[in-house]
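See structure below.
Please treat every number below as a calculation from the coordinates, not as lab data. A quick note: this is a predicted structure, and the numbers were derived from the prediction, not measured. Please note: Cβ atoms are built from the backbone with ideal geometry, for glycine as well, and neighbour counts cover all protein chains shown.
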Amino acid sequence: MASDDQEDQQLRAVTLQNAQSVLLARRRVEEDLRKQSEWLRITLASIGDAVISTDIEGRVTFMNKVAEDLTGWPMPEALGRALPEVFHIINEQTRRRVQDPAQHALKDGSIVGLANHTILMSRDGTERPIDDSAAPIRDVGGAVSGAVLVFRDVMEQRRVELEHRQAEARYRSLVDATAQIVWTTDPHGQVVEDCPSWRAFTGQTYEQWKGWGWTNAVHPDDREHTAQVWGRSVASKSICQLVYRLRRHDGEYRWSVVRVVPVMDVQGDIREWVGMITDITERKQAGDALEESEAKFKLLFECSPLPKWALEVKTLRFVDVNEAAIQLYGYTREEFLQLTVLDVRTAEVGEALTALLDRSARHLPGVDACQHRKKGGELIDVEVHLSEITLSQERVWLASIIDVTARKMTEAALEDTARRRNEFLAMLAHELRNPLAPIRNAGHVLRLAPDNREVVQSTAEMVERQIGHLVRLVDDLLDVTRIDRGKIELRQERIELAPVVTHVVAAAQALIQCMEHDVTVTLPPQPVYLYADPIRLAQIIGNLLNNACKFTDKGGTISVTVGVEGGDSCRPEAVVRIRDNGVGIPADQLRRIFEMFTQVDTSLERSRDGLGIGLALAKNLVEMHGGTLEAHSEGVGLGSEFVLRLPIPVDAPMPLPPVPSSTVSPPISRTILVVDDNRDSAMSLATLLSVKGHQTHTAFNGNQAVEAVGTLNPDVVLLDIGMPTMNGYEACRRIREAPGGKNMLLIAVTGWGQEDDRDKSSEAGFDFHLVKPVDLDALIRMLDSR
Amino acid sequence: MAIPTEPIGSIPRPPALVEALAVLDGSDPALEPLYDEAVRDTIEQFEATGSPVITDGEQRKYHNFWTYSVQGLPNTAPDGFKIPFAAGHVRRMLRLTGGPFCYQHRADTYLDQAQRLAQVPVKQAVISPSALSLMYPPEELPGYPREQFIDDLLREHETEVRACLQKGAHKVQIDFTEGRLAVKIDPSGQLLNSFVDLNNLALSRFSAEDRKRIGVHTCPGGDRDSTHSADIDYAELLPSLFALNVGNFYIALAGETDRTRVLEIIRDHIGPEHRVFVGVVSPIDPRVETPEEVRDRVIEAARYIPLDQLGTCDDCGFSPFCDDISTSRDTAFAKIRARVQGTALAAELLGGR
């Protein structure tokens, strides 16, 4: 038993200790309940409605603050009082006391709402319209143990409802007064009310328009869409807006914009729909025209071959560009739309953009001559024609861009050409006067000392030299025009290069000696054969050698080296190098040295002879031979080297048979008629031929020539072409037709030296064509040919 | 007017199961077929008695009605306090050795199987929080204060009861057999009041509607045809018992020597929201009551308890401990049948009155 007692004591100890824990737990639960109760009290105090609770006897057990305010009873005073004493309500119309809903709830155990038009009489006699309801409070067993009464002051609500009614009345008045069609439907979108303005516009009767009858006045093509949109709005309770054609009473369909809005009641439910219809036919027609106009503009804009932009007026941001602009600038359309015009226009060229825009805004011509930068950075010269227009109801700058880059370059090139031509003409005059002066002096010398053989001899040599110089000038000029017109024909044949070089150097001896240059010529050990025009080749090398002499100060060193090199295509080339220690060529002028009318540093070298066409001529002739001509120089004062390369033909034609050495025969005296309207020319030539042992006669026009032939029957007639009364061609034909004329040697002697001129001479019946001034040796060879 | 009648809970296990349980742990998987067969046969025989409400006979409760929920917990020891029975034997409870406390088994899992097999409503008995509160030892467990244990205990109990309610148990009966024992141990009533407080804390977690389906069972214990506290006067227990916030009370009455006195106490303390199921058959009495005897006991009770608040039940489970074979299954079902028939006879008589 002692053991059992110990067990019991232990058990008691455990249980009592547990009881302490249970007590703590219960306190926590009670605290939770207290908090819940407090929360409930605060909640009831915080809600906007008034709350009064009662016990089963209908005595007040709780009131929140709102209830205290509305009834005028502080809770401490109200507690325990019968509810009707605190909550005193009367009927609004009868002013008789009514039973409060809590009494019903206590009695019936059900939730009760009070009838409308109830007035709460507060303790101080203030009357307030209220809404209220009551519910029974049940205990854990479900038995009714009290009631809770909830009520609220509806005075503000009554005021809102009154304002709402007044607003509605005002709205109705507006509807009646407005010129637009204003109509209403029920919450489901059905027309249930007459609308005089609708009837007046459409001519429908109310019977025709009510329900969905109104859709019959809508254009058949718009009817289905209209019904769908309206149906969706009703279903979604959202504003409906659409445009349709509505038949007017006279049968004409009028474009109408319709806007229907839901009207909510106080509870937030749709009470009705109000629609408003506005006739927009005129507006729409204007809009259509504008739309069409803008469409045309857009087409022109897009299809224009001129690059075009549309710019936002304020920001100058691109709002549109056409395809031509995209092509010109290299930006995509999307890239353009991220830019402003300032991203394209350089600031360095053209007037200030603001001034330009200001002028354009005042509708004055606005042309922006400036430079633009393409996407890749390349600059272009442009003219931008600006005008301000309205596009899609927005003011924009319309810009048309003309790319004038090529035109500017052409203008610059033309200006340069004109400048060089003027320089050339000045140079030509200078070059022509230079030989004329010594020739004139020679005339004076001969007149003064005609018997001084030594003086006469040196003067004659000087005159020949100057005339040779003049002839070269004229020949070069003629060759230039031939090359320009593609009229030069090469008379290519197999020739050896070395003799040509030797001949050219020998021909230049006079100038070389004059300049006291030391000229060395190096020829290859083996002959180098070319397929070339020997005269033109001599002309080329002569030009280069002449150039070296002129542009090397007196006593200079010039080397002429002829050789064979591999060439770019591994085919052998003949190479002629003419090197001097002269003035040299600046690096920046090397590229232009072969351009027509170009001389190196003309301001310094004015004293050098030449027209600036020799190198251009030489280069053209070289290229006609399939060769190249290059200029090299280490710089000013360091001399120059010109390198001529000509292809050596692999299968060159067989060498011509050696020309048999001509046997020297004694000169034959011939009867020669010299015809020229320039008497000095005719007389001097006749004198020259007389000196050579011939019998000479002169005539000074074509008629005289024909006549003289008839009387003289000459062996040879030298005929000028350009003569008054009868030109040389006509005279030639007449002479040929005269007796013995066919066998006469007829030689044209003229200033016209073009191929055409030669062809015309041949056609007229001339045997030979000589260009003034006459090369005496050539003339003698012609005379000897008969 | 029908008088509701319900069983208390346990039915003696079939011998095969009892023999197996003697050598195997209650959670051994090898027992599953025996458990299943025992439940199936119990429900079949239960329904054969005509009882409008049945149980699964607590065939799966191991080892007994008191410790089934904590059996197998690792933080327990077998040397809990002792319950001495009048017959001289002692049942020993488990002792908690550390926190946290939680159930190992919940009674709603037994309900699941029974409901699948039963054709009639099934009630479920669970152990009270006050009974399990005795697991916490006198000395404080390190790191696991008593307050935390009480919180955990209440949570576990609430979870079990709520699960049974949600699964559709006809009633959830809280076994409060320790109530009368508490008076025996502490005649001052302090122990009993602390038990009531603890159980009411648990019950406060349920709604009034839930509590209409919750009941409390009290008896002087019943094991091997013996009680532990039959000598305690109901007068010391019942006033406190009715303080429990439940809708139903299952009070052992058939085995009482002075039933009238007990009924008078009930009459004096029953509340309007209460229904009292009085015991009309006694499991510890090996004799099977006749329906007429039961009928008379019901009529006797009806003199003190309003008929619409009266119900009948067995005094106790027929085998609260799984190894109790003092009563046979046949006897148990025969007694149940007598309860059902006798209650019906009484209802017939009282209804015609």
- Partners for residue B:184 among lysines (Cα-Cα distance below 19 Å; same-chain residues under 8 apart left out): B:82
- Net length gained if the chain between residue A:9 and residue A:448 were fully extended (0.36 nm per residue, minus Cα distance): 140.2 nm
- Note the angle between two axes, namely the Cα long axis of helix A:281-303 and the longest principal axis of the Cα atoms of chain A, as a number of degrees from 0 to 90, rounded to the nearest 10. 40
- Which pairs, out of A:314/A:375; A:375/A:408; A:284/A:308; B:171/B:335; A:550/A:692, put more than 26 Å between their alpha-carbon atoms? A:284/A:308; A:550/A:692
- Message: If you fit an axis through the alpha-carbon atoms of helix A:679-691 and take the longest principal axis of the Cα set of chain A, what angle between them do you get, 0 to 90°, nearest 10?
- Response: 40
- Between residue A:423 and residue A:691, the FRET efficiency computed from the C-beta separation at R0 = 60 Å comes out, to the nearest 0.05, as 0.90
- Item | Sum of side-chain charges, residue A:522 neighbourhood, beta-carbon under 11 Å (Lys, Arg +1; Asp, Glu -1) | +2
- Efficiency of FRET between residue B:104 and residue A:239 - r from beta-carbon atoms, R0 41 angstrom, step 0.05: 0.05
- If only Cα atoms are counted, what is the Rg of chain A, and what is its Dmax, in Å? 61.1, 196
- Message: To the nearest 20 Debye, how big is the dipole of the range A:47-153 about its Cα centre, given +1 on the beta carbon of each Lys and Arg and -1 on that of each Asp and Glu?
- Response: 200
- Residue by residue through the range A:406-417, which ³J(HN,Hα) values in whole Hz follow from phi under the Karplus form 6.51 cos²θ - 1.76 cosθ + 1.60 (θ = phi - 60°), with glycine and proline marked x? 5, 4, 5, 5, 4, 4, 5, 5, 5, 4, 5, 5
- Pseudo-spin-label distance residue B:116 to residue A:165, built 7 Å along Cα→Cβ, given in nm, is 7.0
- Message: I'd like the Karplus ³J(HN,Hα) series for the range B:277-294: coefficients 6.51, -1.76, 1.60, θ = phi - 60°, whole numbers in Hz, and an x wherever there's a Gly or Pro.
- Response: 9, 9, x, 10, 10, 10, x, 7, 8, x, 7, 7, 5, 8, x, 5, 4, 4
- Note on the structure: Given the candidates B:342, A:614, A:529, the one whose Cα lies deepest towards the positive end of the charge dipole of the protein assembly as shown, counting +1 at each Lys or Arg C-beta and -1 at each Asp or Glu C-beta, is A:614
- Query: Taking a temperature of 4 °C and a viscosity of 1.567 mPa s, what whole-number D in µm²/s does Stokes-Einstein yield for the range A:286-403 with Rh from Kirkwood over alpha carbon pairs?
  - Reply: 89
- Item | Residues A:551, B:46 arranged by fewest to most Cβ contacts within 10 Å | A:551, B:46
- Which lysines, on any chain, are close to residue A:210 with Cα under 22 Å apart, when same-chain ones fewer than 8 places away are left out? A:237
- Specify the inter-centroid distance of the range B:50-87 and the range A:463-510, based on alpha-carbon positions, in whole Å. 141
- Query: Considering amide H positions built from the backbone, and no H for Pro or chain starts, which residues 5 or more places from residue B:173, or on another chain, come under 5 Å of its amide H?
  - Reply: B:124, B:125, B:126, B:215
- Query: Which percent, nearest 5, of DSSP beta bridges in the protein assembly as shown are antiparallel?
  - Reply: 70
- Evaluated at 4 °C with a viscosity of 1.567 mPa s, what Stokes-Einstein diffusion coefficient in µm²/s does the range B:239-296 have when Rh comes from the Kirkwood expression over alpha-carbon pairs? 103
- Task: Post the alpha-carbon centroid distance, the range A:521-546 to the range B:261-302, in whole angstrom.
- Result: 155
- With labels modelled as points extended 7 Å from the Cα through the Cβ direction, what inter-label distance (nm, one decimal) is found for residue A:278 paired with residue A:340? 3.6
- Task: Starting from the amide H of residue A:88, placed 1.01 Å from N in the peptide plane, find each other amide H under 5 Å away whose residue is 5 or more places distant or on another chain.
- Result: A:121
- Query: How much of the calculated P(r) for chain B lies past 34 Å, in percent of all Cα pairs?
  - Reply: 19
- Query: Cβ under 9 Å from residue A:617's Cβ, residue A:617 left aside: what net charge do those residues give with Lys, Arg +1 and Asp, Glu -1?
  - Reply: -1
- From other protein chains only, count the Cβ atoms within 10 Å of every residue's Cβ in B:194-201, then give the mean. 5
- Message: For the range A:238-315, take N as its residue count and report Rg(C-alpha) divided by 2.2 N^0.38 Å.
- Response: 1.81
- Query: With the Cα gyration tensor of the range A:667-707 giving a ≥ b ≥ c as the square roots of its eigenvalues, does the rule (a/c under 1.5 for rounded; else a/b larger than b/c for prolate; else oblate) give rounded, prolate or oblate?
  - Reply: oblate
- Item | Cys residues of chain B counted as unpaired, since no other Cys beta-carbon is under 4.7 Å | B:102, B:164, B:313, B:322
- Ranked list, fewest to most other Cβ atoms within 10 Å of each Cβ, for B:171, A:296: A:296, B:171
- Check residue A:528: other-chain or 5+ apart residues with amide H under 5 Å from its amide H, H built from backbone geometry? A:497, A:498
- Message: Sort B:269, A:249 by Cβ crowding within 10 Å, fewest neighbours at the top.
- Response: A:249, B:269
- How far apart, in nm, are the 7 Å Cα→Cβ label points at residue A:630 and residue A:312? 5.9
- Query: So how strong a dipole does chain A carry about its Cα centre when Lys and Arg Cβ are +1 and Asp and Glu Cβ are -1, to the nearest 20 debye?
  - Reply: 1120
- Item | Residue-span extension gain [residue A:472 to residue A:216] - 0.36 nm each, minus C-alpha spacing | 81.8 nm
- With a Förster radius of 22 Å, plug the Cβ-Cβ distance of residue A:302 and residue A:404 into 1/(1 + (r/R0)^6) and report the FRET value to the nearest 0.05. 0.45
- Query: Per Stokes-Einstein, at 4 °C and 1.567 mPa s, what whole-number D in µm² s⁻¹ belongs to the range A:47-153, with the Kirkwood radius over Cα pairs as the hydrodynamic radius?
  - Reply: 96
